[in-house]
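J.: Encoded as structure tokens, here's the structure I'll be asking about.
The values are calculated or read from the model by the stated rules, or taken from the named source; none is laboratory data. These numbers were taken from a predicted model, which means no experiment stands behind them. All Cβ positions, glycine included, derive from the backbone under ideal geometry; neighbour counts span all protein chains shown.
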Amino acid sequence: MTPHILVFEDEDALATLLQYNLEKEGYRVSVASDGEEGLMQAEEETPDLVLLDWMLPKVSGIEVCRRLRGRAETRNVPIIMLTARGEESDRVRGLDTGADDYLTKPVSMVELNARIRAVLRRIRPGLADDRVSHGDIIIDRVAHRVKRDGKEVHLGPTEFRLLDYLMQHPGRVFSREQLLDAVWGSDVYVEVRTVDVHVGRLRKALTVSEGLRDPVRTVRSAGYALDLEG
């Protein structure tokens, strides 16, 4: 089943860019240029996820969020707010109103796609990608299995989450602090050096055959990246 994303965005150029990139990722996309039109579209067909701007004509994004959460048909639809309003008070208000995630413009499509996958996986796991691949590495999230070069890779739960996150952003360098927040959670206290231990375990596990290069690149004073191209 192809997930249906309803995009509330009144800037034509951005709406077109979002629709193009999301459709390229395999989603079915509808676009509404104001809050009233989007609410009507949501009534006609319940979306699987809503991408919502705050500053919309006719009905604001906050009010749209409130109304969607007030209707039985859309009460549990994931909502990601994508807005230029970046103050902490705005973020808190958006999340308190019912948004599942909050992103400040401008945002990269790589990060947006990762957030969409994460929200779908958390709230509607049946709609999220079950398998992710990069190079010769394949993750099956449902079976909780990993293969590299056709061979089974045995990972602990933390190494599995670490690899999953890195594979969502191939080539991007993450600091240890960023990986701690993404993999362990910002509300859990873990020593920063713990990341090095788990990266070491991940590297060892992914070297399932002689001649396979280490897929995790260390960037001095910066962090780690999954990089099979180098």
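J.: Could you check how many residues of the range 191-222 are hydrophobic (A, V, I, L, M, F, W, C) and in a helix (DSSP H, G or I)?
T.: 6
J.: Report the residue count in the range 128-141 for those that are at pLDDT below 85 and in contact with a strand residue (DSSP E or B) (Cβ under 8 Å, 6 or more places away or on another chain).
T.: Looking only at that region, the number is 7.
J.: Let me ask you something else. Which residues, counting only those in the range 5-28, are in contact (Cβ under 8 Å) with a residue 60 or more places away in the chain and polar (S, T, N, Q)?
T.: N21
J.: Right, something else. Restricting attention to the range 72-80, does a residue exist that is of a type in the set (G, A, S) and under 21 Å from R115 (Cβ atoms)?
T.: Checked the range 72-80: no residue is of a type in the set (G, A, S) and under 21 Å from R115 (Cβ atoms).
J.: Write out, first by first residue and then by second, each pair whose Cβ atoms fall under 7 Å of each other, whose residues are 6+ apart or on separate chains, and whose first residue, in the range 79-94, is surrounded by fewer than 20 Cβ atoms within 10 Å (Cβ to Cβ) while the second is part of a helix (DSSP H, G or I) and of a type outside the set (F, W, Y).
T.: R93/I62
J.: Also: Do you know which of the residues in the range 6-22 that are assigned to a helix (DSSP H, G or I) and within 20 Å of E44 (Cβ to Cβ) is farthest from the chain's Cα centre (by Cα)?
T.: A15
J.: Exactly one condition in (1) touching a Leu at 6+ places or on another chain (Cβ under 6 Å); (2) in a loop (DSSP other than H, G, I, E, B) is false for V29; which is it?
T.: Here V29 clears every test but (2).
J.: Determine the pairs where a residue that is within 12 Å of Y224 (Cα to Cα) and touching a residue at least 60 places away in the same chain (Cβ under 8 Å), located within the range 154-182, has a partner that is of a type in the set (S, T, Y) and outside any loop (DSSP other than H, G, I, E, B) with Cβ atoms under 9 Å apart, the partner being 6 or more residues away or on another chain.
T.: Short answer, once both residue conditions are applied: L166/Y224.
J.: Please find, within the range 141-190, the residue that is farthest from V110 (Cα to Cα) out of those that are of a type in the set (S, T, N, Q) and part of a helix (DSSP H, G or I).
T.: T158
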